[in-house]
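The values are calculated or read from the model by the stated rules, or taken from the named source; none is laboratory data. None of the values given here were measured: they were computed from a predicted structure. Quick reminder, even Gly has a Cβ in these numbers, built from the backbone with ideal geometry, and neighbours come from all protein chains shown. Surface accessibility is based on the protein's heavy atoms, side chains included, excluding ligands, DNA and RNA. Shrake-Rupley method; radii C 1.70, N 1.55, O 1.52, S 1.80 Å.
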Amino acid sequence: MTTPATQSTAVPSTGLVTEGQYGIRPHSEGAGATVPVQTRSERFRSVNVDDFEPVTGREHEWKLSPVAAFADLTSGELDGSRLAIDTADAAGIATSWIGRDDARIGTAGIPEERASANAWSTFGEALLISVTGEDDKVATVTRTGLGTTPRGAHTVIEAAPNSRGLVVLRGTGDARLSENVEILVGAGANLTVVSLQEWTDDSVHLASHFARIARDAKLKHIVVSLGGKVVRVNPSTHLAEQGGDVEALGLYFSDAGQHLEQQVFVHHDAPHTRSRVTYKGALQGEGARSVWIGDVLIGNAATGTDSYEQNRNLVLTDGTRADSVPNLEIETGDIEGAGHASATGRFDDEQLFYLMARGIPEDEARRLVVRGFLTEIVQQIGQAELEARLIEALEAELQGA
């Protein structure tokens, strides 16, 4: 459903009645009785922060998050002025600023929670990244020097029909940022978006990414979270037209006291669509925390769907916690396949023994195992220079271990 930017609230097309922050639907077993909405697709949505109740941490979408650490982003006033950005444009990828009334804003998705709505309610202009042309190209947009002022932002990435390109959204320096990113992938386009979080140790970054994929188009969406005190990047993908394809990848390395979170949603809403979700992370140090929630909905019109999601976590020390929750909803039996998997564990002792038996010291052997575990994601970016830089960043994290 397309919602104009000027519309303050929107109710999903499921016909549910909304009340406060949650949609509520009639209970089938008794007149007048209600039950809270249980599925991701039926959550209440609005672009107006005042339509959401204050965050307490008991809400379904916040119960695994350290909400006290970013109360200023969920309930406080945000600076919605333009972010300081450094762009390395390529021919065929251009950046500009557009007003809130631009017709593209709100077409990929709208907020499902208060932090996202607060950013939507306060941004003044949206950063537009336009991708055109059928040749391969790469552009990096770096957000830096944001300081400690709570900020709200909005970005639209639009890939024209049959275009190709790779866009890197990079965050460095200090930040307290809540943002929304809309990704519009035109018919036949092939787009890669890398969200790279390299913030300072005290930074907080909350992001909701909404993607709409048109007919026979493909999106590769990659989240790499290395820096920041609290980083929560939630990508939602709507496979809206036949033949749409999404590959959602994630890589995170959580150090002591660091909270890295991803809540992934893939909605198959058209025939013969495909999705692959793979997130991998490592945790080390007292209080290191990761949260991964993966929701896949295969709608009743999505015949011929091919879907699989997985999350893998490698625990390097005591005192860490990894939450991993895969969910799968299927509303039609006419699909090619669907599945999910989740695993959290320590080193493979056999791998360590193999390396140490060949004269490699234990510390170095452990780093080799972790690097091999994580670089599987990096190597799927498809851009050698960026892959090499990320491997260097991972090496720095491992040296810290």
Worksheet item: Which of the residues belonging to the stretch 271-298 are touching a residue at least 40 places away in the same chain (Cβ under 8 Å) and of a type in the set (Gly, Ala, Ser)?
Response: Gly281, Ala282, Gly294
Practice prompt. List every residue pair whose Cβ atoms sit under 6 Å apart, with the two residues 6 or more apart in sequence or on different chains, where the first one lies in the stretch 89-116 and is closer than 14 Å to Val181 by Cα and in contact (Cβ under 8 Å) with a residue 12 or more places away in the chain and the second, anywhere, is part of a loop (DSSP other than H, G, I, E, B) and open to solvent by less than 30 Å² (accessible area, probe 1.4 Å).
Written response: Arg100/Ala5; Ile105/Ala5; Gly106/Thr3; Gly106/Ala5; Ile110/Thr3; Ile110/Val47
Worksheet entry | Number of the condition not met by Gln262 [criteria: (1) surrounded by fewer than 22 Cβ atoms within 10 Å (Cβ to Cβ); (2) in contact with a Pro (Cβ under 9 Å, 6 or more places away or on another chain); (3) without any contact (Cβ under 8 Å) to a residue 40 or more places away in the chain] | (1)
Item to complete: State whether one or more residues within the stretch 360-375 are open to solvent by 40 Å² or more (accessible area, probe 1.4 Å), farther than 20 Å from Arg312 by Cβ and either in contact with a strand residue (DSSP E or B) (Cβ under 9 Å, 6 or more places away or on another chain) or not in a helix (DSSP H, G or I) (or both).
Response: yes
Worksheet, complete the sentence: Checked the stretch 62-84 for anything open to solvent by less than 20 Å² (accessible area, probe 1.4 Å) and not in a loop (DSSP other than H, G, I, E, B); matches are Phe70, Leu73, Thr74
Discussion item. Looking at (1) within 22 Å of Thr122 (Cα to Cα); (2) in contact with a helix residue (DSSP H, G or I) (Cβ under 9 Å, 6 or more places away or on another chain); (3) surrounded by fewer than 21 Cβ atoms within 10 Å (Cβ to Cβ), which one does Glu59 not meet, given that it meets all the others?
Written reply: (1)
Discussion item. Checking Ser130 against (1) surrounded by 23 or more Cβ atoms within 10 Å (Cβ to Cβ); (2) of a type in the set (Ser, Thr, Tyr); (3) assigned to a strand (DSSP E or B): exactly one of these is not met. Which one?
Written reply: (1)
Worksheet item: For Thr140, which of the numbered conditions (1) part of a loop (DSSP other than H, G, I, E, B); (2) within 22 Å of Gly171 (Cα to Cα); (3) open to solvent by 30 Å² or more (accessible area, probe 1.4 Å) fails to hold?
Response: (1)
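Do you know which of the residues in the stretch 238-247 that are in contact with a strand residue (DSSP E or B) (Cβ under 9 Å, 6 or more places away or on another chain) and without any contact (Cβ under 8 Å) to a residue 60 or more places away in the chain is nearest to Val291 (Cα to Cα)?
Taking the stretch 238-247 as the starting set, the residues that turn out to be in contact with a strand residue (DSSP E or B) (Cβ under 9 Å, 6 or more places away or on another chain) are 238-241, 243-247.
Within this subset, residues satisfying the condition of being without any contact (Cβ under 8 Å) to a residue 60 or more places away in the chain are 240-241, 243-246.
Numbers: Ala240: 27, Glu241: 30, Gly243: 31, Gly244: 27, Asp245: 25, Val246: 21 Å.
Looking at residues that are in contact with a strand residue (DSSP E or B) (Cβ under 9 Å, 6 or more places away or on another chain) and without any contact (Cβ under 8 Å) to a residue 60 or more places away in the chain, I get Val246.
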Discussion item. Suppose we filter Leu169, Leu184 for residues that are touching a residue at least 40 places away in the same chain (Cβ under 8 Å) and on the phi < 0 side of the Ramachandran plot; which single one remains?
Written reply: Leu184
Response to the item:
Among the residues of the stretch 377-388, the number that are out of contact with any helix residue (DSSP H, G or I) (no Cβ under 6 Å at 6 or more places or on another chain), surrounded by 14 or more Cβ atoms within 10 Å (Cβ to Cβ) and in a helix (DSSP H, G or I) is 2
Worksheet, complete the sentence: Residue count, the stretch 134-166, condition polar (S, T, N, Q), closer than 23 Å to Asp72 by Cα and touching a residue at least 60 places away in the same chain (Cβ under 8 Å), comes to 2
Response to the item:
Scanning the stretch 302-329 for residues that are of a type in the set (Val, Ile, Thr) and modelled with pLDDT under 95, the one nearest to Val369 (Cα to Cα) turns out to be Val315
Worksheet item: Restricting the search to the stretch 150-171, which residues are in contact with a Lys or Arg (Cβ under 7 Å, 6 or more places away or on another chain) and closer than 30 Å to Phe44 by Cβ?
Response: Pro150, Arg151, Val156, Glu158, Gly171
Item to complete: Find the residue count for the stretch 335-355, including only residues that are open to solvent by 80 Å² or more (accessible area, probe 1.4 Å) and either under 30 Å from Gly243 (Cβ atoms) or over 32 Å from the mean Cα position of the chain (by Cα) (or both).
Response: 6
